[in-house]
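Have a look at the structure below before the remarks.
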Amino acid sequence: MFTSLVLLATLSSAQSTKLELTNVRPHQGVWGAVRTEAKAAVGEAIHFSFDVLGLQPDELRRLRYRTTLEVFDSKGKAIYQPGAVESVLVDLAGVGQARQSVHLLTGLDQAPDVYKVKVTVQDAHAKKEASFTREVVLQALDFGLIRGQITADREGQMASPGVGVVGQTLYVNAIAVGFKRDPQKDDKGFVTVEMALTDDKDKPISPKPLIADAKDIPADVTFVPLRFEVPLQKVGSFKIAIKATDQVSKKTATLAFPLQILDLK
């Protein structure tokens, strides 16, 4: 007990007494590549990650904090104000910090606008809070690939970073939206998708891309989910490159995921 008490005192004295939210970045998918800007088509999912610094542990070395996400339109009207989500983390490293993320999921019927996202974190133990605000630009829907995400499971439920080991299999997920209809074919759509592996300089590794077709898309279907299996076979830094073509409008859209493949030693 004495050792634990001394350790807690040492950890607490080394931590900042100010609660801060730093390193705020928009991401493509959970744990995905950092976006250059928070701008996307309606229907897209935008993820923000950030570091929470200065959290104070309780007597059991737990960091307890609450995160609240609020969204406002360009006129300042609140359009999303759910309750706070509580997180509990054992401060094993004794650093008083945590990496947190919030996820903004937009619908295909979302109005294009410049939205403001406000994130607030409250330290449940120290009774302190900090917040940040960022703008998110949603643009009118056009043909494109949205909600790109790497997952560890075939069903697309377990988000994964673009990192794995030889012998593992990951899955790439996306949604094709905004495709046109062919009036001469009962307003049906037709989308072709290619997936290839390239090196980090965009040079193809695959002898030829994998190709999949979504033909005769019914007139009442507004999106097509896509999923590719990616077996990890070779150590190195790569990119998973996806190209979709709307065969009616002849427009194309691309999406790329960095991939790092390691080997167990």
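What follows is calculated from the coordinates using simple rules that are stated; it is not laboratory data. Computed from a prediction, not measured in an experiment: that's the story for all the values here. For neighbour counting, all protein chains shown are included, and Cβ atoms are generated from backbone atoms with ideal geometry for every residue, glycine included.
At a glance:
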| quantity | calculated |
| --- | --- |
| Contact order relative to length of the chain, as percent, for alpha carbon pairs under 8 angstrom and 6 or more apart | 17 |
| Taking all pairs of distinct alpha-carbon atoms in the chain, Kirkwood radius in angstrom | 21.0 |
| Partners for Lys116 among lysines (Cα-Cα distance below 17 Å; same-chain residues under 8 apart left out) | Lys39, Lys75, Lys77 |
| Pairwise FRET efficiency - Leu92 versus Val137, Cβ, R0 = 30 Å, nearest 0.05 | 0.20 |
| Net length gained if the chain between Lys201 and Leu262 were fully extended (0.36 nm per residue, minus Cα distance) | 20.1 nm |
| Förster radius 51 Å - calculated FRET efficiency between Asp216 and Val24 (Cβ-Cβ, nearest 0.05) | 0.70 |
| All lysines inside 26 Å of Lys188 as judged from Cα atoms, apart from same-chain residues fewer than 8 positions distant | Lys180, Lys215, Lys243, Lys250, Lys251 |
| Proximal lysines relative to Lys128, as straight alpha-carbon distance under 20 Å, when same-chain residues fewer than 8 apart are discounted | Lys18, Lys118 |
| Bins of 10 Å, starting at 0 and running to the largest distance - Cα pair percent for the range 32-105 | 15, 39, 30, 14, 2 |
| Taking Ile46, Ile217 and counting other C-beta atoms within 10 Å, the order from fewest to most | Ile217, Ile46 |
| Efficiency of FRET between Arg99 and Lys185 - r from beta-carbon atoms, R0 30 angstrom, step 0.05 | 0.05 |
| Cα-based helix-to-principal-axis angle, 2-14 vs the chain, degrees rounded to 10 | 70 |
| Separation in nanometres of the label points that stand 7 Å from Cα toward Cβ, at Leu60 and Lys251 | 5.3 |
| Residue-averaged 222 nm ellipticity for the chain, from DSSP H runs of 4+ at -39500 (n - 2.57), nearest 500 | -1500 deg cm²/dmol |
| Distant-in-sequence amide H partners of Val248 (H built 1.01 Å from N, under 5 Å) | Lys180, Phe190 |
